[in-house]
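Take this structure first; my questions come after.
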Amino acid sequence: MARTGTTDVLIVGAGPVGLSAAAELRRHGVSCRLVDRLPARLPYAKAVGIQPRTLELWDRMGLVRAVLEAAVPMRGQLTYVDGREAARIDLVLPPEVPYGFAALPQYETERLLEEYLAGLGTAIERGTELVSFGQDPDGVTAELRTASGAAEELRVRYLIGCDGAHSIVRKTLGLSFEGGAFPATYMLGDVVAESDWDLPEGYALRSEHRAPDGSTDDVLVCIPLPGAGRYRMSMMVPPELTAPTAAPDGVAHGLDGGQGPDLSHLQAVVDRLAPRPTRLSGLRWSSVFRISHRIVDRYGEGRVFVAGDAAHIHPPTGAQGMNTGVQDAVNLGWKLALVVRGEAGPGLLGSYDAERRPVGEEVVGRTVRHSTQGFETDPDDPRTLLLREAQLLVGYRNGPLSGVPYGPVGAPQPGDRAPDCTGLTTPIAVHPFRLLDVLRGHPGHVVLLYGPEGAELAAAATEANACGGLLPLTVLAVLPGEAPEEAVEAAAEAETATAGGGTAGVDPTVPPPDLGVPAYRDAAGEFARLYLPDGGTGFVVRPDGQLAARFPLGGTAAALSGCLRALSVPLGNPPAAV
């Protein structure tokens, strides 16, 4: 067996989750190898929904523009029951949310992530399979079988299993995978509908037939894809098709390798259930699909972790699976990077399970409930339901890394998603920035100090910069929308500004003060409206876009020290109060 050198992290599985884990590690400067047993990318539109929260994460990476250029918008869903329109869902989010819902075939998502990763100097090692591994206190020894059939022994510091529902990493660790399987089997097809099919552009279709007892005995789901008239359609398998064989490990989930439907099978369901007739053509691929709902008892053991389908599987309702897996990968990636670089203690890695497994449990439970009972039975109000489906409500307030709450009721707190906002100006840029524009390109933690220029803000900036010696930090200042009194008076004398309060008195050409950190002005007042600062207030934004801390400017040094200690102390020791 050939013995190779070492690398920091071995990632097994090059689907969207494995690719995202590799991308997050590489953008933090951590070396990794990404292996996949398949010789090439599969041409299947399995996961097609891209949630707004995933787009925000890809924006932070610098990947989002390529995704937006390849995807199509998802504007809503039409639901028909027994031939009559029963519901219409319009996917309209609050205006401060920067991205809407999108649809993109999984093979395109993988292509874009693969190209992004190649730009960071890492390629997928295709045809390479993990055979076995063992770990000790200092690392992991993995046995690989390469595309040539040769055996290779690799020594790594950490291993991540992103190898799907039948994960060898999960099985080797001995993690339980409790849950069950749905009795129904579905078929999928990537097809083109006639050009005169008049479904509203960007809308999915769900059409059901109800049995006398009220249960659904026939269903058609159509998701728009890039390309004129192209849809990913799913429906129940007809009796004449061979039932899929049971998986060897008993986990009945995913595409079946047996007989798939042909165009006539798909057309028959469309003829029965489509609200208006259409002819199908251009069958790109088809398969039979099985659904389980399962989750592991823990997301890792020692130096080995699982993410995505290796950790949780569930119905595709609401397009939650791949997006949840991508967020797993990003959450784990930045933490591993800090530990590998020696900037945080290994106890930080325990927070991966503490933060992400409750999210996985909630997603599994919710998708099973929506799949069996329908969205209309959800007790949440429509706005909350939509924000949750967009994965904008994922938070870790009770997690081990979240600092002490501070500020008024309703304000975003440690553990919450850091809201985006618009209207951040500088005297040089002609157009205002969004907060995501400001955060993009900063892979680590970002400290945002909000307050009027003066001694308090300057002192806070000095204290924050001093903490950068403990952990790489980017420190930025956000100044209130109203320019300081003397700047307004000077601008009025020059007849370049309008007198008055609020944002009417802002002159974006007035340079911000020299605080020793870059400064932006909240000219539109959006930052203040969404973050609800209580006087001078500081915020720490994590690499995954969640808030790590919120604190008064007078307690900047103590708050940042507590935040940094939370990254190094063992799980269970909360950060000190501010």
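The values are calculated or read from the model by the stated rules, or taken from the named source; none is laboratory data. All values reported here derive from a predicted model rather than from experimental measurement. FYI the Cβ positions are ideal-geometry reconstructions off the backbone, even for glycines, and counts take in every protein chain you see. In case anyone asks, the SASA skips ligands and DNA or RNA and just uses the protein heavy atoms, side chains included. Shrake-Rupley method; radii C 1.70, N 1.55, O 1.52, S 1.80 Å.
So that you can scan it fast, the table gives a plain yes or no per residue for (1) under 23 Å from Glu108 (Cβ atoms); (2) in contact with a Phe, Trp or Tyr (Cβ under 7 Å, 6 or more places away or on another chain); (3) open to solvent by 20 Å² or more (accessible area, probe 1.4 Å):
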residue	(1), (2), (3)
Ala184	no, no, yes
Leu188	yes, yes, no
Glu201	yes, no, yes
His209	no, no, yes
Leu225	yes, yes, no
Met236	no, yes, yes
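Identify the single condition in (1) open to solvent by 40 Å² or more (accessible area, probe 1.4 Å); (2) in a helix (DSSP H, G or I); (3) in contact with a Pro (Cβ under 9 Å, 6 or more places away or on another chain) that Glu343 does not satisfy, given that it satisfies every other one.
Among (1) open to solvent by 40 Å² or more (accessible area, probe 1.4 Å); (2) in a helix (DSSP H, G or I); (3) in contact with a Pro (Cβ under 9 Å, 6 or more places away or on another chain), Glu343 violates only (2).
Restricting attention to the stretch 1-53, and to residues there that are basic (Lys, Arg) and open to solvent by 50 Å² or more (accessible area, probe 1.4 Å), which single residue is farthest from Leu336 (Cα to Cα)?
Lys46
Taking only pairs six or more apart or across chains, which ones have beta-carbon atoms under 7 Å, a first residue in the stretch 119-138 that is within 17 Å of Val169 (Cβ to Cβ), and a second residue that is among the small types (Gly, Ala, Ser) and surrounded by fewer than 16 Cβ atoms within 10 Å (Cβ to Cβ)?
If the second residue must be among the small types (Gly, Ala, Ser) and surrounded by fewer than 16 Cβ atoms within 10 Å (Cβ to Cβ), the pairs left are Thr128/Ala147; Gln135/Gly302.
Separate question: Return a yes/no flag: does the stretch 377-395 have any residue that is more than 22 Å from Arg529 (Cα to Cα) and among the aliphatic types (A, V, I, L, M).
Yes, the stretch 377-395 contains a residue that is more than 22 Å from Arg529 (Cα to Cα) and among the aliphatic types (A, V, I, L, M).
From the residues in the stretch 72-89 that are surrounded by 13 or more Cβ atoms within 10 Å (Cβ to Cβ) and either among the acidic types (Asp, Glu) or farther than 17 Å from Leu273 by Cβ (or both), which one is farthest from the chain's Cα centre (by Cα)?
Ile89
How many residues are in a loop (DSSP other than H, G, I, E, B) and either of a type outside the set (D, E, K, R) or open to solvent by less than 20 Å² (accessible area, probe 1.4 Å) (or both) when one looks only at the stretch 379-425?
Count: 32.
Please go through (1) surrounded by 17 or more Cβ atoms within 10 Å (Cβ to Cβ); (2) modelled with pLDDT of 90 or more for Arg366 and return the number of the only condition it doesn't satisfy.
Arg366 satisfies every listed condition except (2).
To keep it simple, each residue is scored yes or no on (1) buried (at least 16 other Cβ atoms within 10 Å of the Cβ); (2) over 30 Å from Pro52 (Cβ atoms); (3) among the hydrophobic types (A, V, I, L, M, F, W, C).
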site: Leu91; (1), (2), (3): yes, no, yes
site: Glu110; (1), (2), (3): yes, no, no
site: Leu120; (1), (2), (3): no, no, yes
site: Ile124; (1), (2), (3): yes, no, yes
site: Glu129; (1), (2), (3): yes, yes, no
site: Ala142; (1), (2), (3): yes, yes, yes
site: Ser148; (1), (2), (3): no, yes, no
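Would you list the strands (runs of 3 or more DSSP E) that sit entirely within the stretch 38-120 and hold 2 or more residues that are touching a Lys or Arg at 6+ places or on another chain (Cβ under 7 Å) and either within 25 Å of Arg27 (Cα to Cα) or aliphatic (A, V, I, L, M) (or both)?
76-81
Which residue, of Glu56, Glu114, is open to solvent by less than 40 Å² (accessible area, probe 1.4 Å) and in contact with a helix residue (DSSP H, G or I) (Cβ under 8 Å, 6 or more places away or on another chain)?
The unique qualifying residue is Glu56.
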